[in-house]
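K.L.:
Structure provided below as structure tokens; questions to follow.
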Amino acid sequence: MQCQLITGGAGFIGSCYVLRARRAGVRVINLDKLTYSGNMENLASLSGDKDHIFIQGDIGNAELVRHLLDVWKPDAIVNFAAESHVDRSIIDPDAFVRSNVLGTCSLLRTTKDWWLTLSKQEQARFRFLHISTDEVFGALRPGDPAFTETTPYSPNSPYSASKAASDHFVRAFHETYGLPILITNCSNNYGPRQFPEKLIPLVMLNALAGKPLPVYGTGENIRDWLHVEDHCAAIELVLKTGRTGENYNIGGQSERANIEVVRAICAILDELAPAETGKHADAIRFVADRPGHDFRYAVDCSKLTRELGWKAAYRFEDGLLETIKWYLANPDWVKNVQTGAYRRWIQANYASRSRA
Ligand code: NAD
Ligand code: DAU
């Protein structure tokens, strides 16, 4: 039976990947620290599954990671674990250095030491796949060509700087020690189970609660949206057939200005859950911009398509509708993530944003 050590497997994208891996018959060792965004409810359907082994712990805990590697001898490690929210990185960059940079470096070092104990055949079969982001490439202007795998790194936020640093360490472990690594750089994900600090679930849940819908700056900033299932399908393909030492861009080819996305959410909710008075879009408020706000991301994923045959299955508008329906159908999940800690974050991030 194939076995993978998946880190950050209780988060938004990691849990989607874990559920798919179990459906594919892969034994999953799921190492997650359960920070504010890690949520065991994302994995509720695996309750009682003896081939989903969950361990609460930090990727930086070398002793624990070595123990897991010795006991389970995974065929691959897929590293999703990270602090993932740009706005939080502006308020507390140190947490991003700890998990994303030091944590990844420690995970790499422990993996490399263990990997060196394997037979040559086992070494050749093993893969370390690191999940990264398009944000490491910096910001595009309107009309600029999309990011390719050779676009120079130019991170602008503490979050993207920490992800860029981790990517460099991953690459360095390949060049220096020969560790068979792969890196994927993906655009903005959306879909079920995304923690509601990110634009799409935040706007949707604020609208349902009759709260203002905060749009940073002018709302013209552009993101390239990809459904989380399409992202995970691409990761599976890269793990199976990608060339080691390479990085692969993953993108949705669905560039949208933020204000368009917010209006699309409002239009869907006007149908599915109308506001008591007026239209949901009446609650849109332009608020103070994110400092250092990257204007535009766009991902050229032609290498992934050309070399590995990947293609996104979801159209953004269909995926958005399906996502909104998922949140409407799962009020308990929503209620349980909107705890005191969530409310404190909303206060910290939005209270001081005067109108732009
Ligand atoms: P998330 O915040 O929902 O999940 C992160 C998970 O990692 C959580 O379960 C958390 O508990 C865990 N974690 C954090 N620090 C840890 C540590 N030190 N040790 C063990 N576990 C730890 O994030 P997400 O949106 O699912 O993102 C997952 C990965 O994908 C991240 O590496 C992120 O940079 C990358 N990514 C995200 C997007 C996106 O749009 N969300 C796009 C491209 C890449
Ligand atoms: O591009 C990939 C990245 O996408 C991932 O690496 C990150 O982990 C992920 O969080 C995401 O980063 P963004 O900063 O693009 O996502 P976020 O949902 O925070 O914001 C999307 C856009 O919406 C961005 O331009 C900022 C804007 N925004 C966001 C929030 C939370 C608003 O206008 N209002 C808001 O309240």
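The values are calculated or read from the model by the stated rules, or taken from the named source; none is laboratory data. Since we're looking at a predicted model, the values are computed, not measured. Glycine gets a Cβ as well: all are built from the backbone with ideal geometry, and neighbour counts include every protein chain shown. Just so you know, the surface numbers come from the protein's heavy atoms only, side chains and all, with ligands and any DNA or RNA stripped out. Shrake-Rupley method; radii C 1.70, N 1.55, O 1.52, S 1.80 Å.
K.L.:
Report ³J(HN,Hα) in whole Hz for each residue of the range 35-48, in order, from the Karplus equation J = 6.51 cos²θ - 1.76 cosθ + 1.60 where θ = phi - 60°; Gly and Pro get x.
P.N.:
6, 3, 9, x, 8, 5, 5, 5, 10, 4, 5, 9, 4, x
K.L.:
Taking 30 Å as R0, compute the FRET efficiency from the Cβ-Cβ separation of Arg141 and His168 and round it to 0.05.
P.N.:
Values: r = 25 Å, r/R0 = 0.85.
Calculated transfer efficiency: 0.75.
K.L.:
Quick check on the chain: helices-only [θ] at 222 nm, where DSSP H runs of length 4 and up contribute -39,500 (n - 2.57) each and the sum goes over total residues. Nearest 500, please.
P.N.:
The per-residue figure over the chain is -12500 deg cm²/dmol.
K.L.:
Send over a whole-number figure in Å² for the accessible area per residue of the range 283-356, probe 1.4 Å. Walk me through the intermediate numbers first.
P.N.:
On the way: 4150 Å² over 74 residues.
That works out to 56 Å² for each residue.
K.L.:
Next question. What distance in nm separates the two pseudo spin-label positions at Thr176 and Leu116, each 7 Å out from Cα along the beta-carbon direction?
P.N.:
Computed distance between label sites Thr176 and Leu116 equals 1.1 nm.
K.L.:
Residue by residue through the range 82-96, which ³J(HN,Hα) values in whole Hz follow from phi under the Karplus form 6.51 cos²θ - 1.76 cosθ + 1.60 (θ = phi - 60°), with glycine and proline marked x?
P.N.:
Calculated HN-Hα couplings, in order: 5, 6, 10, 10, 4, 4, 5, 5, 6, 7, 9, x, 4, 4, 6 Hz.
K.L.:
Still on this structure: Measuring from label point to label point, each 7 Å out along Cα→Cβ, what is the Glu220 to Ala275 span in nm?
P.N.:
Between Glu220 and Ala275, the simple spin-label model gives 2.5 nm.
K.L.:
State the percentage of accessible surface on the range 167-319 attributable to carbon and sulfur atoms; use a 1.4 Å probe and exclude ligands, DNA and RNA. Don't jump to the answer; show the numbers that get you there.
P.N.:
Details: 3080 of 6250 Å².
Carbon plus sulfur share of accessible area: 49 percent.
K.L.:
How do 24-30, 245-251 rank on mean C-beta neighbours within 10 Å, highest first?
P.N.:
On the way: 24-30: 18.6, 245-251: 21.9.
The packing order, highest mean first, is 245-251, 24-30.
K.L.:
Per-residue accessible area for Asp70 at 1.4 Å probe radius, Å² rounded to 10?
P.N.:
70 Å²
K.L.:
Related question: What is the sum of charges around Glu197, taking Lys and Arg as +1, Asp and Glu as -1, for the other residues whose C-beta is under 12 Å from the C-beta of Glu197? Write out the running numbers ahead of the final one.
P.N.:
Numbers: positive: Arg88, Lys198, Arg343, Arg344; negative: Glu83, Asp87.
After counting each charged neighbour, the total is +2.
K.L.:
Size of the dipole of the chain about the Cα centre, Lys and Arg at +1 and Asp and Glu at -1 on the beta carbon, nothing else charged, in debye to 20? Walk me through the intermediate numbers first.
P.N.:
Values: 40 positive and 41 negative charges, 73 e Å.
Value, rounded to 20: 360 debye.
K.L.:
Another question, then. Multiply the residue separation of Glu41 and Trp72 by 0.36 nm, subtract the distance between their alpha-carbon atoms, and state the gained length in nm to one decimal. Present the calculation step by step, with values, prior to reporting the outcome.
P.N.:
On the way: separation 31, 0.36 × 31 = 11.16 nm, distance 2.45 nm.
In short, 8.7 nm is gained.
K.L.:
Hey, how much of the P(r) for the chain falls beyond 29 Å, as a percent of Cα pairs?
P.N.:
On the way: 24010 of 63190 pairs.
In whole percent, the share of Cα-Cα pairs in the chain beyond 29 Å is 38.
K.L.:
Here's another thing I want to ask about it. With a ≥ b ≥ c taken as the square roots of the eigenvalues of the C-alpha gyration tensor of the range 262-307, please select rounded if a/c is under 1.5 and otherwise prolate if a/b is larger than b/c or oblate if it is not? Could you put the intermediate results ahead of the total?
P.N.:
Values: a/c = 6.56, a/b = 1.67, b/c = 3.92.
It is oblate, given that a/c is not under 1.5 and a/b is not larger than b/c.
K.L.:
Within the range 70-91, whose backbone N sits under 13 Å from a point 7 Å along Cα→Cβ of Asp51?
P.N.:
none
K.L.:
What's the FRET efficiency of Ala257 with Asp92 using the Cβ-Cβ distance as r and R₀ = 45 Å, to the nearest 0.05?
P.N.:
Plugging the Cβ-Cβ distance into 1/(1 + (r/R0)^6) gives 0.95.
K.L.:
Can you compute the FRET efficiency between Arg285 and Asn336 using 1/(1 + (r/R0)^6), with r the Cβ-Cβ distance and R0 = 30 Å? Round to the nearest 0.05.
P.N.:
Working: r = 27 Å, r/R0 = 0.90.
E(calc), rounded to 0.05, equals 0.65.
K.L.:
What accessible area per residue, rounded to a whole number of Å², is obtained for the range 169-219 using a probe radius of 1.4 Å? Don't skip to the end; give the middle numbers.
P.N.:
Details: 1570 Å² over 51 residues.
Each residue of the range 169-219 exposes 31 Å² on average to a 1.4 Å probe.
K.L.:
Right, here's the next one. Of Lys163/Lys325; Lys211/Lys311; Lys33/Lys240; Lys120/Lys240; Lys240/Lys325, which pairs sit farther than 30 Å apart, going by alpha carbon to alpha carbon?
P.N.:
Working: Lys163/Lys325 32 Å; Lys211/Lys311 37 Å; Lys33/Lys240 27 Å; Lys120/Lys240 19 Å; Lys240/Lys325 32 Å.
Violating the 30 Å Cα-Cα cut-off are Lys163/Lys325; Lys211/Lys311; Lys240/Lys325.
K.L.:
Looking at the range 212-356, what % of the alpha carbon pairs are farther apart than 25 Å? Mind dumping the intermediate values first?
P.N.:
Details: 4697 of 10440 pairs.
Considering the range 212-356, 45 percent of its Cα-Cα pairs are separated by more than 25 Å.
K.L.:
Got a number for the accessible area of Glu255? Probe 1.4 Å, square angstrom, nearest 10.
P.N.:
For Glu255, solvent-accessible area is about 70 Å².
K.L.:
Now for a different question. If I ignore ligands, DNA and RNA and count only protein heavy atoms, how much of Met40 is accessible to a 1.4 Å probe, in Å² to the nearest 10?
P.N.:
80 Å²
K.L.:
On the protein heavy atoms, probe 1.4 angstrom, tell me the percent of accessible surface of the range 1-143 carried by carbon and sulfur.
P.N.:
Details: 3030 of 5900 Å².
After summing per-atom areas, the C and S share lands at 51 percent.
K.L.:
Right, another one. Quick one: putting +1 on the C-beta of Lys and Arg, -1 on the C-beta of Asp and Glu, what dipole do you get for the range 161-244 around its Cα centre, in Debye to the nearest 20? List each step's numbers first, then the result.
P.N.:
On the way: 8 positive and 8 negative charges, 26 e Å.
Computed charge dipole of the range 161-244: roughly 120 debye.
K.L.:
For the range 23-173, compute Rh as the Kirkwood radius over C-alpha pairs and then the Stokes-Einstein diffusion coefficient at 4 °C and 1.567 mPa s; write the answer in µm²/s, rounded to an integer. Don't jump to the answer; show the numbers that get you there.
P.N.:
Numbers: Rh = 17.0 Å.
Using the Kirkwood radius from Cα pairs, D works out to 76 µm²/s.
K.L.:
Let me ask something else. What nm distance separates the two modelled labels at Ala267 and Thr150, each placed 7 Å from Cα along Cα→Cβ?
P.N.:
For Ala267 paired with Thr150, the spin-label model returns 3.9 nm.
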